[in-house]
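In what follows, a single structure is set out as structure tokens and then discussed.
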Amino acid sequence: MGKYFGTDGFRGEANKDLTVEHAYKVGRFLGWYYGREHKARVVIGKDTRRSSYMFEYSLVAGLTASGADVFLLHVTTTPSVSYVVRSDEFDCGIMISASHNPYYDNGIKVINGAGQKLEPEVEQLIEDYIDGKSGEIPFAVRENIGRTTDYAAGRNRYIGYLISVATRSFKDKKVGLDCANGSASAIAKNVFDALGARTYVINNSPDGTNINTDCGSTHIQNLQKYVVENGLDVGFAYDGDADRCLAVDENGRIIDGDLILYVCGSYMKNQGQLPSDTVVTTVMSNMGLYEAFDREGIRYEKTAVGDKYVGENMRANGYGLGGEESGHIIFSKHAVTGDGILTSLKVMEAMLEQKASLGKLAEAVTIFPKLLKNVRVKDKDIVLNDAEVKASVEQAEQLLGTEGRMLFRASGTEPLIRVMAEARSEELAQKSVDLVISKIKEKGYEA
């Protein structure tokens, strides 16, 4: 990770950690970088945060000042930007979003011409320019100054593409959608309505400050209650920029990313559509998922946390399905990045084609009790390298033995240390996590 760019773009509190000056300079650099041999074409999308408009205009100013033409999708999802970049051959795309973070945070996600996350070496060049290490970039003049074009049509084509992915009608299926007062509010209901579902939607009235607030994939309890009370067949919850999806079955049970990987992976294998009979996961996936995969004859690979790393592994090996427990799921036949709405369509496909409820399809997986706690710290690197803290992690691992596991890592997007334990009993998981967190607090590292 660089000084500004983490595992999912340049993210922080708006006008504190990420300012309009930062956005302007990102635009200036990208307009110049992609426009060295031709006039650059850049597409921009944003989520519903109040600060997204501010950053949009700052990016546009920087891009056009460097000579790039800019095309605005307005409020849309991150995967839609990826789709439009690929299908319409843009030099790059930019999504303004802090994903599942609170409304006062924001972020700049740069997507390369292949629709994937920007290469680390280019991110480093941007950082060097922001910090004044690489000299000045010339301004475009006269007819070379860039211009801005409304490009809502690109978002509409993406909606059409999603509809085309479905294998059959959703007629008479009662589907709940929690749009997190974010990007999905502009797209998800249109897709499900067009496919014939009886669509029930909550949290689709964004006001600039309510994105992810007690709603969406990070606060799924409201959708659980809503599905049960309304007798729905299934529910889907998205995050702020709709690149992740969690589901709720007909009984109100949470179907997280691991269970979605099992439901879709086993279905794809049975259909002969799972390349190498392999699913790519991260180190955060549950041991219960791997036990279920073993029974199904499904192989799996583990990457570092982040859909970026999942995607890299899939592309390198030609795999068709991968994702994270948090709900970033990649179906490489249809997309190169996590797509929450696409994921919900593929879950619907597994249900409809197998004529089974989501609860029935997921019941083969017994999830190990898992406890994840986050500690806000002053300096992540100091904590990660402290000998006494590392010793407490080793003690916790010994406590868990072969019947569990411990994961100790820094967040890639926030000043947090994540401590996770997985065990066959909740008590053992709790004891293991507390052991490590107590040591972090004892050493005075908590912010």
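For the range 82-95, check the following and say yes or no: at least one residue is at pLDDT 95 or above, among the small types (G, A, S) and under 26 Å from D381 (Cβ atoms).
There is no residue in the range 82-95 that is at pLDDT 95 or above, among the small types (G, A, S) and under 26 Å from D381 (Cβ atoms).
Per-residue answers, yes or no, for (1) surrounded by fewer than 16 Cβ atoms within 10 Å (Cβ to Cβ); (2) assigned by TED's automatic domain parsing to the domain that holds A356; (3) of a type in the set (D, E):
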site: E136; (1), (2), (3): yes, no, yes
site: T149; (1), (2), (3): yes, no, no
site: S183; (1), (2), (3): no, yes, no
site: L195; (1), (2), (3): no, yes, no
site: T218; (1), (2), (3): no, yes, no
site: L223; (1), (2), (3): no, yes, no
site: V227; (1), (2), (3): no, yes, no
site: G235; (1), (2), (3): no, yes, no
site: D249; (1), (2), (3): no, yes, yes
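Have a look at A396, A423, A356 and point out the one that is in the same structural domain as D258 (by TED's automatic domain parsing) and within 24 Å of G288 (Cβ to Cβ).
The unique qualifying residue is A356.
Before we move on, is L59 without any contact (Cβ under 8 Å) to a residue 60 or more places away in the chain, in the same structural domain as E37 (by TED's automatic domain parsing), farther than 21 Å from A335 by Cβ and surrounded by 24 or more Cβ atoms within 10 Å (Cβ to Cβ)?
Working: without any contact (Cβ under 8 Å) to a residue 60 or more places away in the chain: yes; in the same structural domain as E37 (by TED's automatic domain parsing): yes; farther than 21 Å from A335 by Cβ: yes; surrounded by 24 or more Cβ atoms within 10 Å (Cβ to Cβ): yes.
Yes; evaluated as a whole, the condition is true for this residue.
Based on what the data block shows, is V75 of a type in the set (A, V, I, L, M), surrounded by 16 or more Cβ atoms within 10 Å (Cβ to Cβ) and in the same structural domain as T19 (by TED's automatic domain parsing)?
So V75 fits the description; yes.
Could you look through the range 113-135, keep only residues that are closer than 18 Å to V336 by Cβ and part of a loop (DSSP other than H, G, I, E, B), and pick out the one that is nearest to the chain's Cα centre (by Cα)?
Q116
Considering only strands (runs of 3 or more DSSP E) fully contained in the range 1-95, which possess at least 1 residues that are among the β-branched types (V, I, T)?
The strands (runs of 3 or more DSSP E) meeting that bar are 41-46, 69-75.
Tell me yes or no: at least one residue of the range 23-44 is at pLDDT 95 or above, under 30 Å from I220 (Cβ atoms) and of a type in the set (V, I, T).
The answer is yes; a qualifying residue exists.
Quick one: what pairs do we get from the range 146-165, first residue touching a residue at least 60 places away in the same chain (Cβ under 8 Å) and within 26 Å of Y33 (Cα to Cα), second surrounded by fewer than 18 Cβ atoms within 10 Å (Cβ to Cβ) and polar (S, T, N, Q), C-beta under 9 Å, 6+ apart or different chains?
G154/S87
Looking only at residues that are among the β-branched types (V, I, T) and touching a His at 6+ places or on another chain (Cβ under 9 Å) in the range 212-255, which one is farthest from T48 (Cα to Cα)?
T218
Just give me the residues in the range 412-431 being free of Cβ contacts under 8 Å to residues at least 60 places away in the same chain, surrounded by 12 or more Cβ atoms within 10 Å (Cβ to Cβ) and out of contact with any Leu (no Cβ under 8 Å at 6 or more places or on another chain), in sequence order. Steps first, answer last, please.
Restricting attention to the range 412-431, the residues satisfying the condition of being free of Cβ contacts under 8 Å to residues at least 60 places away in the same chain are 415-419, 421, 423-428, 430-431.
From what is left, the residues that are surrounded by 12 or more Cβ atoms within 10 Å (Cβ to Cβ) are 415-419, 421, 423-426, 428, 430-431.
Within the range 412-431, P415, L416, R424, S425 qualify.
Quick check on this structure: which one of K390, K373, K378, K360 is free of Cβ contacts under 8 Å to residues at least 40 places away in the same chain and farther than 30 Å from N270 by Cα?
Testing whether each residue is free of Cβ contacts under 8 Å to residues at least 40 places away in the same chain and farther than 30 Å from N270 by Cα leaves just K390.
What are the residues in the range 306-361 that are charged (D, E, K, R), in a helix (DSSP H, G or I) and closer than 11 Å to T281 by Cα, if any?
If the condition is that a residue be charged (D, E, K, R), in a helix (DSSP H, G or I) and closer than 11 Å to T281 by Cα, then D307 is the only one that fits.
When the residues of the range 364-407 are filtered to those that are part of a helix (DSSP H, G or I) and of a type in the set (K, R), which remaining residue is surrounded by the most Cβ atoms within 10 Å (Cβ to Cβ)?
Filtering the range 364-407 down to residues part of a helix (DSSP H, G or I) leaves 380-385, 387-403.
With of a type in the set (K, R) added as a condition, the list becomes 380, 390.
Details: K380: 19, K390: 15.
The qualifying residue surrounded by the most Cβ atoms within 10 Å (Cβ to Cβ) is K380.
Name the residue that is surrounded by the fewest Cβ atoms within 10 Å (Cβ to Cβ), counting only residues in the range 251-270 that are of a type outside the set (A, V, I, L, M, F, W, C), within 21 Å of the chain's Cα centre (by Cα) and part of a helix (DSSP H, G or I).
If we take residues in the range 251-270 being of a type outside the set (A, V, I, L, M, F, W, C), within 21 Å of the chain's Cα centre (by Cα) and part of a helix (DSSP H, G or I), then Y262 is surrounded by the fewest Cβ atoms within 10 Å (Cβ to Cβ).
Which condition from (1) at pLDDT 95 or above; (2) under 23 Å from K373 (Cα atoms); (3) not in a strand (DSSP E or B) is the one that L246 breaks?
All conditions are met except number (3).
Considering only the range 58-89, state which residues are touching a helix residue (DSSP H, G or I) at 6+ places or on another chain (Cβ under 9 Å), more than 24 Å from P206 (Cα to Cα) and β-branched (V, I, T).
Of everything in the range 58-89, those that are touching a helix residue (DSSP H, G or I) at 6+ places or on another chain (Cβ under 9 Å), more than 24 Å from P206 (Cα to Cα) and β-branched (V, I, T) turn out to be T64, V70.
Which of the following residues is surrounded by fewer than 17 Cβ atoms within 10 Å (Cβ to Cβ) and either closer than 16 Å to R244 by Cβ or in contact with a helix residue (DSSP H, G or I) (Cβ under 9 Å, 6 or more places away or on another chain) (or both): G327, G320, G297?
G297
Give the range 277-295 a look and list any residue that's touching a residue at least 40 places away in the same chain (Cβ under 8 Å), under 18 Å from S266 (Cβ atoms) and outside any loop (DSSP other than H, G, I, E, B), or say none.
T278, V279, V280, T281, M287, G288, L289, E291, A292, R295, listed by residue number.
Of the numbered conditions (1) small (G, A, S); (2) crowded, with 17+ Cβ neighbours inside 10 Å; (3) within 21 Å of D17 (Cα to Cα), A447 satisfies every one except a single condition; which is it?
(2) is the only condition that A447 fails.
Working only within the range 138-183, note down all residues that are under 20 Å from the mean Cα position of the chain (by Cα), assigned to a loop (DSSP other than H, G, I, E, B) and under 20 Å from A335 (Cβ atoms).
Answer for the range 138-183, where residues must be under 20 Å from the mean Cα position of the chain (by Cα), assigned to a loop (DSSP other than H, G, I, E, B) and under 20 Å from A335 (Cβ atoms): C179, A180, G182.
The values are calculated or read from the model by the stated rules, or taken from the named source; none is laboratory data. What you are looking at is a predicted structure, and each value in this text was computed from that prediction instead of being measured. Neighbour counts are summed over all protein chains in view; Cβ atoms, including those assigned to glycine, are modelled from backbone coordinates with ideal geometry.
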